Amino acid sequence: MAAKLQDGADPHLPAGPLHAVVWLVAGTSEQELATKLAEVCAVLPLPEWCATLRRLTANNDTMAQPTAAMVPRWKADEPLIWEPLRHRLVLTAANDALQESEGNSPAPATTRTKLAVLAAKRAARVAELGEALAHKPSLAGMLWSWHGYGDLASLAAQLLDSEHPDHSHSMTVGALLLSPSPLTYWQELTQ
């Protein structure tokens with residue numbers, strides 16, 4: 001991966017200082033890698049890793065050699081999903097809907113009662129999701145992760161100096177995320 005950071009093969013590679021997150025799943029045999037990858041893909045279903053898992057667990061023809069997918073698959077100007085704004089828009093729309101329903105209702109007290117029941121159902125669902133998040137599966141021990149910050153040469157040097165899995169692991173699957181903005185969510189997900 002350190003060599004890949006510097007080979008210049010990706011025309012869409014961002015320039016300047018970047019935040020990087022690297023994940024590796026390593027095994028000494030196909031069976032060990034498939035076992036680890038099955039557990040990791042249940043929590044972190046990266047498409048290429050899931051395809052690798054399917055290849056490892058399939059009845060493979062020994063004469064066929066699958067080729068690696070061209071990466072990256074996204075375009076440089078592809079639109080982003082503004083997830084942080086979506087929550088605010090939902091809250092604003094709910095507030096507007098509440099005011100409108102109270103204004104159009106012949107019995108505002110009945111409307112408020114119905115809304116209170118819906119709010120209780122929502123609170124129960126949020127509590128259920130919170131419980132599920134509190135007991136989410138851990139990736140500890142199955143996945144090696146590293147994060148760094150700097151230009152491409154600096155990141156490559158930091159990655160080489162890190163305590164990555166040694167070469168005794170002949171089977172390895174990896175992913176490298178680069179961004180000019182911090183990748184906090186991805187770092188916290190794999191700690």
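The values are calculated or read from the model by the stated rules, or taken from the named source; none is laboratory data. Values in this document were obtained by computation on a predicted structure and should not be read as measured data. Virtual Cβ from ideal backbone geometry, glycine too; neighbours counted across all protein chains shown. The area values use the complete protein model at the heavy-atom level, side chains included, leaving out ligands, DNA and RNA. Shrake-Rupley method; radii C 1.70, N 1.55, O 1.52, S 1.80 Å.
Residue check: S145 meets all listed conditions (1) closer than 30 Å to R55 by Cα; (2) free of Cβ contacts under 8 Å to residues at least 24 places away in the same chain but one, namely (2). Considering only residues in the stretch 20-48 that are buried (at least 17 other Cβ atoms within 10 Å of the Cβ) and small (G, A, S), the one that is nearest to L143 (Cα to Cα) turns out to be A26. Within the stretch 88-97, the presence of at least one residue that is within 25 Å of Q187 (Cβ to Cβ), free of Cβ contacts under 8 Å to residues at least 12 places away in the same chain and not acidic (D, E) is confirmed.
Within the option set T92, T62, being modelled with pLDDT of 80 or more and more than 29 Å from L5 (Cβ to Cβ) holds for one residue only, T92. A single member of P11, P17 is touching an Asp or Glu at 6+ places or on another chain (Cβ under 9 Å) and either open to solvent by 40 Å² or more (accessible area, probe 1.4 Å) or modelled with pLDDT under 85 (or both), and it is P17.
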